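What follows is a short report on a single structure.
The values are calculated or read from the model by the stated rules, or taken from the named source; none is laboratory data. All values derive from a computational prediction rather than experimental measurement. Because the Cβ atoms are built from the backbone with ideal geometry, glycine has one as well, and the counts that use them run over all protein chains shown. Please note that ligands, DNA and RNA were not included when accessible areas were found on the heavy atoms of the full protein model with its side chains. Shrake-Rupley method; radii C 1.70, N 1.55, O 1.52, S 1.80 Å.
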Amino acid sequence: MRRFLTCALLLALAAAVPAGAAFREQSKLEAAYRRALGAWAAGQDEDALAQLQRLDQDGEVGRLERAKLAVGKAFGRRNPAALLAAAALEERAYLVYASRRPTMAAEARHTAAALVELHASLDRAPAARTADAAMLASLAGSAAAGSQQSAAEDLYNRVLALVPRQPAALLGLAAIHELHAQYAEAAELLAPLVVEHPDAREARLRLAVNELRLGRRERAETNLRKLAGDGVDWVRSLAAQELAKVLAARGDFAGAGATIDAAAAVLPCDPSLPVQAALVAERAGGATPLDLSTLGACGEAAESARARYTHAPSSELVPLRRDIAAGEREWRQALAGVLGVVAAQPRVSE
Amino acid sequence: MIAAPEATPSPPSFTVAPDVGRAAAFGRRSGRRHAALAASLAALVIVAAIATPGAAQLPRRYLGMPLVEALARLQEQGLRIIYSSDLVHADMKVVKEPTGTWLHDVLAQLLEPHGLAVRVGPGGSLLVVRAGPPPVTVRLTSPVAGEVTTGEVEVTAEVDTTERVAFVDFFVNGWPAARVKQAPWSARITVPDEGGSCRFTVVARTAGGGRASDSVITRRVVHEDRVEVALRQVYVSASWDRGRFGAPPELGVGDFHVFERGVMQPLATFGRGDTPISALLLIDASESMRGAELQAAFDAARQFLRQLAPEDEAAVMVFADRVLTLTPFGPPEPGLLEGIEGTAASGGTALDDHLYAALRLLDERPGRRIVLLLSDGADVTSTLTAADLRWKVERSDASIYWLRLDRTRGERSFASAWRDAEGNDREFRELAEVVEDSGGRIEALLPGVDLAKAFTGVMAELRAQYVLGYYPRDLKRDGSWRSLEVRTMPGVRLRYRAGWVDR
């Protein structure tokens, strides 16, 4: 009887060992993730990121995502806002990994998006929906800035599923269409955005540029003229450059020169303006010198509007990220609450 | 890489409860017999969690740490910080422990004692910039506004600052004319012989990065009795045609026949490689040139300057999507690169814009004009196009030599916000044609190639060039295109500019 019982116990143990090992591994991952989240909630950002990185580089991707979501589900039911804090940590990690650790970056991006969508499923209030859309759009903006266009496109589409016509998503998607030379699709996204947000200058510029590409010259020129005559920003500079090109192409060098000069008068540190002014003047038969002394005086303040346009659009992300930063303190408090840790306090000088 | 924080024996600053509790509950469900085992497992999990290195950390101390290292840590935590080694030196240390909770606050507090600040750049990057250096003022004291200036003019400035003045640049009509590195702040500048007014500008820069400028506008004496010298000089490089290597044969004046619009022109002058050179070294310092490649470019440029003759002149323009540094034309000494070699690579590439600027700068220079461009150039930020450059090249006497760092081994297709892949390919092909039409050439350099050798190759070609001069007939100044053809003996291939615009 004793021998039989020993054998039965050994057999049961043999069957339980693999399942137990998996369970222990999962528990270990979850506990490590909770520790990282605890540090994040407590305002120990670098410790949180370092712990998360150790976890991310050691863990197997699929299992890692499952463990993180299991933790998220556990505390998300108690306070969904805590999920947004966890997603913010994953986005920060994504930015860290993006340039050098593509696999880890992809995992962080997926997890961040999954945590936000978990939050969306638990809290359907309009304010929560806005926050979810902002988080996903910010993540998409980071992906686009890192040339991860298809990931960005997917995330922007998820944003629009949550909040149709969300400005950052429309602008971001339009920029991706531009990269694929899909100018009609880009214009289609930008047109309603410009109607709803007439102060969205980057969107207005991108719409005008795409209309120009689509041969809608009159409308494009009108819009470029408005943008080139107003504001003190890179949008004005680029609108002036594009308008001057249109004018020079039909032989109106005087108009082109005046447009560029007016922009250069308020934006002396855009490097493209003096170059274009010099060419326009030369083509008109004048002898306007190429003035590089202004640029010498600008130093680090020199900024190329054309380079700004080439990058992933960020103008609609700026206010959105400001809102996220404002909300993040509250989300971290929620995370601290569900984890039972002391929330972030201002660090005291030692 | 994120630097893993040091493990500390300190207790955790947070508690781990819910999941351990879940594990314990799971143990209870498994039956009484396993309760002790489950409890032990749970305890082990807790112990392991506490004992794991780095499980809990004291706030990071920055005090005394090299500033570069502190910034690297913030970068590892997700801040996209961009800084120049000009601003953040290796010997700078953190002098005050930051008290901020948020990373941006920490960054600002780390930089502040060093007179540095943060500016938000493209794509949410954080640019380290100088935080308002001590004020500097500069005033042009000579010539004075309205004065008549002609020929060589003494230009003098007064600089007022509490800091060391790094240099003072003088510009005439926006073009760099002289750089002075020590007081007195004056230089002798030759005023271009053009009608109308003349604008003198002075830009003073302090060691701490402060800048100030001043300008005056003077009048110029217009010489109406100019003698038109219509001699056209054609610079011709000769090599064996395909299939033959080695130096081509020595060619004499009788071996060349110049045709303009198909009509043979009698040669008035003949020479070889002895016309002084005005060289503009155009160095791409965009983001993709960061690190060893930019340093190699500067090293090669120094070699090139050494090989120029004393009667030659040179200037250096370092660019990205803006001019990063520009020197006035001067004797070709390696010292020309002094202060330039610390230029940090950043930003995109505006190749067409800066090629145009280089050609404009060379318009006013004497002798054989060449642009020596070193770039890995995928241009996505120029406002000008290859067609604009073609227009300019047709009206310029300068030849373009492009040493192209070819990382893609010929595969150039890429899409950008401005053009699709096909458009970019078309633009690149047109630019290549423009370079060849200028009488220069493109040399594609694979990664790891000896840049100095490529520069030396260009110099050898320039020294071996034939210079054929003729007087064109029926000059009309009507902007018409005068195509050129130069013929020689069979088996020898000639390279020269495609023609010129009668203006």
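The figures follow:
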read-out	value
Residues within segment B:207-229 that are within 29 Å of B:A398 (Cβ to Cβ) and either modelled with pLDDT of 80 or more or of a type in the set (D, E, K, R) (or both), tallied	9
Test: residue in segment B:364-373 that is more than 28 Å from B:L468 (Cβ to Cβ), modelled with pLDDT under 95 and assigned to a loop (DSSP other than H, G, I, E, B)	no
Residue list for segment B:380-401, restricted to those being within 14 Å of chain A (Cβ to nearest Cβ) and open to solvent by 20 Å² or more (accessible area, probe 1.4 Å)	B:V380, B:T385, B:A387, B:D388, B:R390, B:W391, B:E394, B:R395
Test result for A:E60, under 24 Å from the mean Cα position of the chain (by Cα), surrounded by fewer than 24 Cβ atoms within 10 Å (Cβ to Cβ) and more than 9 Å from chain B (Cβ to nearest Cβ)	no
Failed item in (1) within 9 Å of chain B (Cβ to nearest Cβ); (2) open to solvent by less than 10 Å² (accessible area, probe 1.4 Å); (3) of a type in the set (G, A, S), with A:A36 passing the rest	(1)
Out of A:A81, A:A48, sole residue that is away from every other protein chain (no Cβ under 12 Å) and either more than 16 Å from the chain's Cα centre (by Cα) or open to solvent by less than 10 Å² (accessible area, probe 1.4 Å) (or both)	A:A81
Those strands (runs of 3 or more DSSP E) lying entirely in segment B:460-503 with at least 1 residues open to solvent by 20 Å² or more (accessible area, probe 1.4 Å) and not acidic (D, E)	B:480-487, B:492-495
Qualifying positions in segment A:3-21 - open to solvent by less than 80 Å² (accessible area, probe 1.4 Å) and at pLDDT 70 or above	A:T6, A:A21
Looking only at segment B:325-359, and only at residues there that are away from chain A (no Cβ under 11 Å) and not in a loop (DSSP other than H, G, I, E, B), the one that is surrounded by the most Cβ atoms within 10 Å (Cβ to Cβ)	B:L351
Subset of segment A:250-297 [at pLDDT below 90 and of a type outside the set (A, V, I, L, M, F, W, C)]	A:P268, A:G285, A:G286, A:T288, A:P289, A:D291, A:S293, A:T294, A:G296
Evaluation of B:L294 against (1) assigned to a helix (DSSP H, G or I); (2) under 27 Å from B:G469 (Cβ atoms); (3) away from chain A (no Cβ under 11 Å) (one fails), failing number	(2)
Residue pairs meeting the criteria (Cβ under 6 Å; at least 6 apart or on separate chains; first within 14 Å of chain B (Cβ to nearest Cβ) and part of a helix (DSSP H, G or I), in segment A:90-118; second small (G, A, S) and open to solvent by 30 Å² or more (accessible area, probe 1.4 Å))	A:A105/A:A98
Segment B:80-100, subset buried (at least 17 other Cβ atoms within 10 Å of the Cβ) and assigned to a loop (DSSP other than H, G, I, E, B), residue nearest to the chain's Cα centre (by Cα)	B:Y83
Among (1) open to solvent by less than 10 Å² (accessible area, probe 1.4 Å); (2) out of contact with any helix residue (DSSP H, G or I) (no Cβ under 9 Å at 6 or more places or on another chain) - the single one A:E300 does not satisfy	(1)
Selection within segment A:298-331 - in contact with a Leu (Cβ under 7 Å, 6 or more places away or on another chain), at pLDDT below 90 and under 18 Å from A:A263 (Cβ atoms)	A:A302
Residue in segment B:278-324 that is nearest to A:A302 (Cα to Cα), counting only those that are open to solvent by 10 Å² or more (accessible area, probe 1.4 Å) and polar (S, T, N, Q)	B:S288
Number of the exception - B:R179 against (1) away from chain A (no Cβ under 13 Å); (2) under 28 Å from the mean Cα position of the chain (by Cα)	(1)
Checklist (1) outside any loop (DSSP other than H, G, I, E, B); (2) within 25 Å of A:V280 (Cβ to Cβ); (3) hydrophobic (A, V, I, L, M, F, W, C) applied to B:I442, failing item	(2)
Any hit, segment A:198-206, residues being of a type in the set (A, V, I, L, M) and either without any contact (Cβ under 8 Å) to a residue 60 or more places away in the chain or on the phi > 0 side of the Ramachandran plot (or both)	no
Test for A:A186: is it farther than 21 Å from A:A134 by Cβ, away from chain B (no Cβ under 14 Å) and assigned to a helix (DSSP H, G or I)	no
Residues of segment A:312-340 classified as farther than 30 Å from A:H177 by Cα, facing another protein chain (nearest Cβ under 7 Å) and open to solvent by 20 Å² or more (accessible area, probe 1.4 Å), total	1
